[in-house]
Structure formats: structure tokens, C-alpha cells
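The values are calculated or read from the model by the stated rules, or taken from the named source; none is laboratory data. Computed from a predicted model, the values in this text were never measured in an experiment. Backbone-built Cβ (ideal geometry, glycine too); neighbour counts: all protein chains shown.
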């Protein structure tokens, strides 16, 4: 199968969040299964020089944006069994930021979406599936259906769209979007691209994609509610039969405490002695009091309200009354930078905060901490809690989205669970749950070791998720359409049956016209159409059921008389 991923970021080339991890890990796993997988993303100026040096020029062409014609080059790198394409336009992508600062985001990613589609014939690559990710790729499914679908090269391509975070939708002025993409006015209605008076890139994908996925089963259910739906819950409920949640995985080769070159000492679930060395190293590096007995509570996160940091803000004094150490790594909103800077000064030797994106330090924190705090307001999937489990760092999370799907609260009655959870978005519920975890750490070391071991032995690979995606891809391929009569179609070809509804209606016309009973006894047909249909069903073989249904619409013949 030929698969194209379109995304705005991807590990190891460029990363701001979990989207990059997902695309960078899933593509090679699908390639390992024997598929031709290619990924296309913008060529940002921030991509490391070592990767830019490996790029080879593939093609170049012009992309029309309204009345403008913009240069577009496609650079290519082959690595990990995947072909990686980079959309090159220095005006749009060679900037000192990745997202958000220029005020022309709609134009940058409109250019990117059109470039992705225009490049395919020139690259001699005709994918079976285009898998678009997040709002920056949202116009790919829409443009494919609206402007490209009538062309032979594109007509059989099917699309899957993944929502990584519904909060970020790509909402812009309708006139601006209509101008750059030359879209007809009739698509800017409330059932298509228009959303509360604006154009919405994510909504465009939800409307036009063949299938929609989210990054966890729980999040797929949550976003169909008003609380989590970000004003798109009605549309998502309308498309619920094409909406599913596929839980993300992590790169278990990169995040492997038994072979991680970034941590002070390696260890396994059977022999966790190396964790003590990792903890000591972390405390020394961050200026914390070096104590083996005290639990280190970690947060590796984007500093935003979504991550539940207002709960931490509300009870940070009470939280630090506990005999714990707190480590924070992340970048984001100034209010939370100020909060943890204050805490570091107020509690010297007990709080350490670093405001950066430091991959090395993140690995050291996972390996050297005892607990991982993740009290998210909402969490589409979350990768940090799975990485923490993999490293034997026991998670404390709120039951939402992917957190609910991956962390089960410890139950001392049946000894089930791999962490600690709370349900309500409440600061004191979070504090109570953290205190419960601390109590187990100090008083039940055998339970604690069991939780660590259970977390480390969990399966967080992409294998199961990749298989789910493959089944989803196959279900929408045009070659799965059933050319034979309905009774001969195998059960697994249900999606194809949906595609044959219109041809079935046409086939039904002929038997209806040839039915002699309907012609000879029109009066009886007028009086008892239901009985007539029953008789037709009883006398006709199975394949003529459509004709039986067709006779119910005999009023058309009344007109002829």
C-alpha cells in the first residue's frame, strides 16, 4: 500500500509537541510492514544542518495562491525505510519561528496543503491513502475533494484525518482563505468550511475526509460532548460513524531504560538498581538536596492551562508541605514560568525548574524521578505518562482522554493498577491523590516496586496502533468496492457496500420497469402497495430485492396513466 503523511512537524527533523513524535514513530513502523510510506512537511529554517545537508532536490514548480504564483521546491531524504519530503519556500518557512508570530498562518499552510497535492504527479507518486494530521494539513482532504477529485490522477485517493488536539483548529477570515485557495463561495456554508463566521481548516478536514481519527478512544468520545467539543461537537456527532480513536504509542527504542545512552545508569524491570544512580545524578545536576529516601515528583510538560497547571498553582504551598522534591521542565505561558520560578526561590533544594526544550534532561528526569504528575484539563492522548511508565516513574494523572486509557489507579483490594488517578478537575482532589501516592511510597515499598515493575513491563509500542490504522486504510480503499451483487460481497467489504448505493438504485430501475404485474394491474398497485411489495419479495429471487423496494414507488406510473 502507498501511504502519504502530511504534517507540519515530525521527529527527528522538527518538533514542538506530540504531533512530531507520532508522525516520526508511526511512519517507520508502517514501512517495516512492507508499505511504501512517505512523509511531507515544511522545510523550516530550524531543521538541523545535518539533515539539510542530506537533502536532495527532487522537483520544483509554482503554486498558485489566488493571483500569486509562488515558488515551491521539494527536497528529499530517505531514512528508516521512509521517504521524507520537505516543501521548500523560504518566504513562508525560513523564519525564526515555526508557528504563529507572523499573522499569515492561513497563507503559509494553504500554500503547504496545495503544494502537497501539486507535487504528487511530479514526484510520480500516487498514494492510495493520504493521512493528514492536525489543522495545518486540514485543507488537504478538502482541496482533494473540491478541486482535484475530478482528475484521473487523484480520483481514487482516499483520505484519513487525525485530530491531535481539537483546541487548535486553524480559524481565519473567510475572505482571506477564499482568496488564497480560489475556493467557490458555495463551500463557505455552515455545513462545510464556515464556522461561526470564519473559515476553519480543521472543520474542512472533518467534513471532507473519508475517515477521522483521534489519538485515543476516550478522546474520540469526549470531543462529541459540548464540554470537550470546542464548538465542533455537533459536526463530530454527525460524523460519528466515521470517527474512531486509535491510541498512540511511543518509540520504545528511543525510550528504553535498558539501553538509553542519555541517562546516568541503565536498568531493567528485573534489576532497578540503576535507578538510584539516575536519581542521585538528577538531584546533583539540578541543585536538589541529595536524598535517596525522598520522592522526586516530576512534570515534563508544555506550560499551559490545558496541562492542569492552575491546579498546581492553587495548592502549591500545601503540595510542598509534603516531604517531596518537585522538578519541572517545559516552556510556555509566563504565569507558570513565574509560578515555578517563585517556588524554586521559596523552596531551595526542593524545587528545580528549567524553562527549555531539553531532550537530554527530559530522559534524565524520567529515569531519576519517582512520580510523574500530569493533572491535565484535557489530554487527547499524552505520551509523557507512557514514557514515565516505561522508565518506572509512577504516574499521577487526571482521568481524561488518553490518560484514562493508559493509567489505571491502584486498587489495594484486587492489586490492580499501574498508577494513581483522580476524576474531578479539582485542585484538592489532585492533592489528595498525590498524598496517597506519597503514603504508598513511604509505607508500602513492596507495592511501590510492584507498580514500577508493572509500568515498565507494559506494551507501549506502535505495533497494535499501526495494525489498526492499516485496517482502517483498507476499509476505505476504492479497490475494496464490491463489483458483484450484494449477496456475493464478503462481510469485510462493508465500506464498499456503502459506495454502491447509487449504482444499486440504477440497477433497480430495470426490474421495476419489466415487472408485468405492476403494468397489468395498476389499480391494485395503487390500493395495496405494501402487499404488492410483499408478493414481489416472495416470488423474486434474493438478488431482486431492490426491484421489490422499487415497486413501492409506483405513483410514478400513476402519472403515466
Selection status of residue 207, modelled with pLDDT of 95 or more and either assigned by TED's automatic domain parsing to the domain that holds residue 27 or more than 29 Å from residue 428 (Cα to Cα) (or both): yes
Flag if residue 205 is buried (at least 22 other Cβ atoms within 10 Å of the Cβ), touching a helix residue (DSSP H, G or I) at 6+ places or on another chain (Cβ under 7 Å) and within 23 Å of residue 383 (Cβ to Cβ): yes
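Rundown of residues vs (1) more than 28 Å from residue 466 (Cβ to Cβ); (2) surrounded by fewer than 16 Cβ atoms within 10 Å (Cβ to Cβ), yes/no style:
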| residue | (1), (2) |
| --- | --- |
| 228 | no, no |
| 255 | no, no |
| 275 | yes, no |
| 282 | yes, no |
| 293 | yes, yes |
| 297 | yes, no |
| 339 | yes, no |
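Which residues, counting only those in the range 287-314, are over 32 Å from the mean Cα position of the chain (by Cα) and either part of a helix (DSSP H, G or I) or at negative phi (or both)? Full working, then the answer.
Step one: filter the range 287-314 for residues over 32 Å from the mean Cα position of the chain (by Cα), giving 287-295.
288, 289, 290, 291, 292, 293, 294, 295, listed by residue number.
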Residue in the range 113-125 that is closer than 30 Å to residue 401 by Cα, in contact with a helix residue (DSSP H, G or I) (Cβ under 7 Å, 6 or more places away or on another chain) and buried (at least 20 other Cβ atoms within 10 Å of the Cβ) present: yes
Members of the range 236-279 that are assigned to a loop (DSSP other than H, G, I, E, B) and in contact with a strand residue (DSSP E or B) (Cβ under 8 Å, 6 or more places away or on another chain): 239, 246
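Just give me the residues in the range 103-127 being over 24 Å from the mean Cα position of the chain (by Cα), in a loop (DSSP other than H, G, I, E, B) and within 19 Å of residue 2 (Cβ to Cβ), in sequence order.
Of the range 103-127, the ones over 24 Å from the mean Cα position of the chain (by Cα) are 103-104, 118-119, 121-125.
Remaining after also requiring in a loop (DSSP other than H, G, I, E, B): 103-104, 124-125.
Result: 124, 125.
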Complete set of residues in the range 382-400 that are at pLDDT 95 or above, in a loop (DSSP other than H, G, I, E, B) and either surrounded by fewer than 24 Cβ atoms within 10 Å (Cβ to Cβ) or out of contact with any strand residue (DSSP E or B) (no Cβ under 7 Å at 6 or more places or on another chain) (or both): 391, 392, 399, 400
Test result for residue 144, in a helix (DSSP H, G or I), more than 20 Å from the chain's Cα centre (by Cα) and in contact (Cβ under 8 Å) with a residue 12 or more places away in the chain: yes
Checking residue 151 against (1) part of a loop (DSSP other than H, G, I, E, B); (2) crowded, with 16+ Cβ neighbours inside 10 Å, the condition it does not meet: (2)
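Name the one entry in 482, 496 that is under 30 Å from residue 130 (Cβ atoms), assigned to a helix (DSSP H, G or I) and at pLDDT below 95. Give the derivation first.
Values: 482 fails: assigned to a helix (DSSP H, G or I).
Only one candidate qualifies: 496.
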Residues located in the range 82-102, provided they are in contact (Cβ under 8 Å) with a residue 40 or more places away in the chain, over 21 Å from residue 125 (Cβ atoms) and not in a loop (DSSP other than H, G, I, E, B): 90, 92, 93
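The rows are residues; the columns are (1) touching a strand residue (DSSP E or B) at 6+ places or on another chain (Cβ under 7 Å); (2) modelled with pLDDT under 95; (3) not assigned by TED's automatic domain parsing to the domain that holds residue 139.
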site: 12; (1), (2), (3): no, yes, no
site: 22; (1), (2), (3): no, yes, no
site: 27; (1), (2), (3): yes, no, no
site: 39; (1), (2), (3): yes, no, no
site: 57; (1), (2), (3): yes, no, no
site: 68; (1), (2), (3): no, yes, no
site: 71; (1), (2), (3): yes, no, no
site: 86; (1), (2), (3): yes, no, no
site: 90; (1), (2), (3): no, no, no
Selection status of residue 192, out of contact with any strand residue (DSSP E or B) (no Cβ under 9 Å at 6 or more places or on another chain), in contact (Cβ under 8 Å) with a residue 12 or more places away in the chain and not assigned by TED's automatic domain parsing to the domain that holds residue 377: yes
Positions within the range 401-435 being touching a helix residue (DSSP H, G or I) at 6+ places or on another chain (Cβ under 7 Å), touching a residue at least 40 places away in the same chain (Cβ under 8 Å) and part of a loop (DSSP other than H, G, I, E, B), in sequence order: 410, 418
